[in-house]
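The values are calculated or read from the model by the stated rules, or taken from the named source; none is laboratory data. The model shown is predicted, which means the values in this text are computed figures rather than measured ones. Heads up, the Cβs are rebuilt from the backbone with ideal geometry, glycines too, and the neighbour counts pull from every protein chain shown. Heavy atoms of the whole protein, side chains included, go into the accessibility calculation; ligands, DNA and RNA do not. Shrake-Rupley method; radii C 1.70, N 1.55, O 1.52, S 1.80 Å.
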Amino acid sequence: QVQLVESGGGLVQPGGSLRLSCAASGNIFSGSVMEWYRQAPGKERELVASITRGGSTDYADSVKGRFTITRDNAKNTMYLQMNSLKPEDTAVYLCKAAFGVFRYWGPGTQVTVSS
């Protein structure tokens, strides 16, 4: 059974940093395109960053230069390093795995950027 679990969220001051992790089980990780999404209250879910099986990355314009997505296939884990955080980055952050025609989501982790 495939399961994704995010961790690393929390409360941070503006300008601070957090590192999110997404751990996957079920032997699908290395074959999946992995993505980070976020959803703020009252807003639509937004794609933040993606990383292909080969390690190519893409970012939303709003996070370019501040966030870095990486993956460790040996550990079945994806990461999102978030630097220079802003209040508008406050959201629930969710990871998604795209494996063939299948899509799997984690439950999310809350990130709050506030002084």
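Tell me which residues, restricted to segment 15-25, are out of contact with any strand residue (DSSP E or B) (no Cβ under 6 Å at 6 or more places or on another chain) and over 16 Å from Q81 (Cβ atoms).
Listed by number, the list is empty, since nothing qualifies.
Whether any residue in segment 77-85 is farther than 18 Å from G9 by Cβ and either part of a strand (DSSP E or B) or in contact with a Ser or Thr (Cβ under 8 Å, 6 or more places away or on another chain) (or both) is what I want to check.
Within segment 77-85, none of the residues are farther than 18 Å from G9 by Cβ and either part of a strand (DSSP E or B) or in contact with a Ser or Thr (Cβ under 8 Å, 6 or more places away or on another chain) (or both).
So is E44 assigned to a loop (DSSP other than H, G, I, E, B) and loosely packed, with under 13 Cβ neighbours inside 10 Å or not?
Yes; evaluated as a whole, the condition is true for this residue.
Identify all residues within segment 1-38 that are over 17 Å from I69 (Cα atoms), at pLDDT 95 or above, open to solvent by less than 60 Å² (accessible area, probe 1.4 Å) and assigned to a strand (DSSP E or B); write none if there are none.
G10, V12
Just to be sure I understand the filter: pairs with C-beta atoms under 8 Å, separated by 6 or more residues or on different chains, first member in segment 48-77 and closer than 15 Å to A97 by Cα and in contact (Cβ under 8 Å) with a residue 12 or more places away in the chain, second member open to solvent by less than 40 Å² (accessible area, probe 1.4 Å) and of a type in the set (D, E). Which pairs pass?
So the pair list comes out as V48/E35; A49/E35; S50/E35; I51/E35.
What are the pairs with Cβ atoms under 9 angstrom where one residue, in segment 98-115, is at negative phi and the other, located anywhere, is of a type in the set (K, R) and open to solvent by less than 60 Å² (accessible area, probe 1.4 Å)? Sequence gap at least six, or different chains.
So the pair list comes out as R103/K96; Y104/K96; W105/K96; G106/K96; V111/R38.
Of all the residues that make up segment 71-80, how many are of a type in the set (S, T, Y) and more than 29 Å from G42 (Cα to Cα)?
1
Are any residues in segment 81-108 over 19 Å from E44 (Cβ atoms) and within 11 Å of the chain's Cα centre (by Cα), and if so, which ones?
Listed by number, the residues that qualify are Q81, M82, A97.
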